[in-house]
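Trainee: After the structure tokens below, expect a handful of questions from me.
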Amino acid sequence: MYGFAPNFSYKELTATNTGFKNEATGNNLARLRSLSHKLQYIRNIVGKPLYINSAYRDRLVNSAVGGSKTSFHCIGSAADVSIMNLDKDEQKTLDKAILSSYPCEFIKYDTFYHIAYDFSRLGNQGALMTFEEEMPNAFPPLKSPTGNIDF
């Protein structure tokens, strides 16, 4: 099964201080896993930890933090990250690493970066799994009316 990247856990990518439950399921979970691998790619190039300020937000959490109704955070495709103690060369390396990961949104704020991916447009680069791939037993093979021929 396609799992989360080594340095990014489900718990970390769904953390919230709003007091609301914030669980990614189905395709949102698949996109969140793909996001973890994009973040791992960036971390590996920079060689320093990325700190997640916010990643997946369900609609209630997103509303509570004042996020856009069309935010990539709501579908598990965005993260707000910060990284500590970078010199100018490391900063350039970080910027290049992010850009080479093909984000559809890359916004630099004073204290963090917003990075989002449109996994539907990235094809294999996004490594997105469908819900059927995520939970294969939820979709048993169809049988013909006689029960002996798979469609």
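The values are calculated or read from the model by the stated rules, or taken from the named source; none is laboratory data. Because the structure is a prediction, the values reported are computed rather than measured. We place every Cβ from the backbone using ideal geometry, glycine too, and count neighbours over all the protein chains shown. Remember, those area values only see protein heavy atoms, side chains included, never the ligands or the DNA or RNA. Shrake-Rupley method; radii C 1.70, N 1.55, O 1.52, S 1.80 Å.
Trainee: Mind checking the range 33-110 for chymotrypsin sites (Phe, Trp or Tyr not before Pro) that DSSP puts in a loop (not H, G, I, E or B) and that have at most 13 other Cβ atoms within 10 Å?
Mentor: For chymotrypsin sites (Phe, Trp or Tyr not before Pro) across the range 33-110 that sit outside H, G, I, E and B with at most 13 neighbouring Cβ atoms in 10 Å, the list reads 109.
Trainee: Once R0 is set to 25 Å, what does the formula 1/(1 + (r/R0)^6) return for the Cβ-Cβ distance between residue 21 and residue 45, expressed as a FRET efficiency to the nearest 0.05?
Mentor: 0.15
Trainee: Could I ask something else about it? Listed here are the pairs 38/88; 21/96; 11/96; 21/88; which of them are more than 30 Å apart at the Cα?
Mentor: 21/96; 21/88
Trainee: Tell me the per residue accessible area of the range 2-92 using a 1.4 Å probe; a whole number in Å² is fine.
Mentor: Each residue of the range 2-92 exposes 51 Å² on average to a 1.4 Å probe.
Trainee: Over the range 1-103, what relative contact order in percent results from Cα pairs under 8 Å that are six or more residues apart?
Mentor: 31 percent
Trainee: Taking R0 as 30 Å, what's the FRET efficiency between residue 60 and residue 111 from their Cβ-Cβ distance, rounded to 0.05?
Mentor: 0.75
Trainee: Running Debye on the range 56-103 with equal point scatterers at the Cα sites and no solvent, what base-10 log of I(q)/I(0) appears at q = 0.32 Å⁻¹?
Mentor: Listed by q, the Debye log ratios stand at -1.12.
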